[in-house]
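Have a look at the structure below before the remarks.
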Amino acid sequence: MIAPHEVPIQAAIEYARGEWKPDAGASLRDWQTFQNYERSLSRIEQYFPGHLLAHFTRKNAARYLDFAGTIRDQRFVDVGEERMISRATAHKDLVHLRMAIRLYSENARLPWSPDPKLPPAPTARHGFFTRETVARMLMACRGYVIDPQTGTWKTVTVVDPETGLTTTRRFRHDAVTIAQRECVRRLIIIGVYSGTRIDASYGLSWRLHPARGCIDIERGLIHRAGYAEDVNKGKPRLTSAMRMQFLVHAKGWRKQDLARGIKHVLHQPRGESQGKPYRSFPYHFWWDVMTDAGLDHHADPHVLCHTAITWLGIDGYDVFVTADLTGRDPQTVRSYYRQWNLTGQKRAVTIGRLPVAKHVDVEDLMSDDRPRRADRYEPRRLNGKHKPSLPRAPKRRSPLKH
């Protein structure tokens, strides 16, 4: 019989992989969650410094976090990009490993299982894009390129073959590249005007679906989950009203897509899969756009969610209204974004708002041997009686003289 500390980590991973794998008829959201688990467990199998349960210690967990800069992100392998995982992703891998070991220990009824205190998770980034930055991103989606040396839009000189005249215009990619970036342009607009997360955005359709979210143009609503899904399972996918800036764009997209028989908001533009949804978001298109817009690796798609909430706060929307429009918990909005909304405080200190304790000062509150100023205050009286404020009788008008 094998001692608990000698059980291979591989056994726990294989058991958890079989338990977490959804059924054939599961929703797209369940398969996306399993893909995240699968990528985490695969990285643990290859790079975690240890093979037994006894090796799952805080020291080895810290060493795995140090390996984050050398572990390749499998989401970009198909497009030939060399991108490494972040420390936040590596920390999530350790959390998934701990979940797998706990699941295996409960099933095998082990008398002991490792439960080390993991290193603290990296601080979450809550930056946001300015409106000028978003404008540059949308221009890059249309095929324009920022010159990294000058910081302005790249230009080219064109010679007219007939007249021989030379003209200078902005460089622009070909029509195929622009069509491929349409999904990024729509994702940016959906993100900054609704705060919808990326995993819910690329599954949106134009009609109600049991396992996909949809955009309801007639009612002005965005349903981030299918009508047969639990909106509170995992990350919340609540229904929200659409802001007018978003609704105007969505109406044009819907008219264009339905005329071509396309049912999905983010779809593949060309080839045999034209009009079909993406199985996973094409990150390589996103990073191509960010490069042409002159942005670095910090311009992650998730920043769009922070941008939407921050913009609403700067524009003066209430915390609860902001939470409803973006499908977030009001407590989360208040905890992380309340510094951007000072409208309520400014309204409370504007001119004309009198303090509640008008006739009480600090000196009165500190001493009890003298009457309060509110008690010393006496209204004006007339012959021992308070002067009533009665309405005056209207004056009689003199008759008109002819």
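What follows is calculated from the coordinates using simple rules that are stated; it is not laboratory data. Predicted model only: the values in this text are computed from it and were never measured. Positions of Cβ are generated from backbone atoms using ideal geometry, with glycine treated the same way; all protein chains shown enter the neighbour counts.
So here's what we get for this one:
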quantity	calculated
FRET efficiency, Arg334 to Arg219 (Cβ-Cβ, R0 30 Å, nearest 0.05)	0.60
Debye intensity ratio I(q)/I(0), log10, the stretch 131-346, q values 0.18 Å⁻¹ (C-alpha model)	-1.32
R0 of 51 Å, Cβ-Cβ distance Gln46-Thr166: FRET efficiency to nearest 0.05	0.35
Rough spin-label spacing in nm, given labels placed 7 Å along Cα→Cβ, for Ile2 and Gln149	6.1 nm
Dmax and Rg, reported as Rg then Dmax, of the stretch 1-130 (C-alpha, Å)	15.9, 61
Cβ-Cβ FRET estimate between Ala179 and Lys59, R0 fixed at 41 Å, reported to 0.05	0.20
10 Å binning of all Cα-Cα separations within the stretch 82-156, expressed as whole percents from 0 upward	14, 24, 21, 16, 13, 9, 2, 0
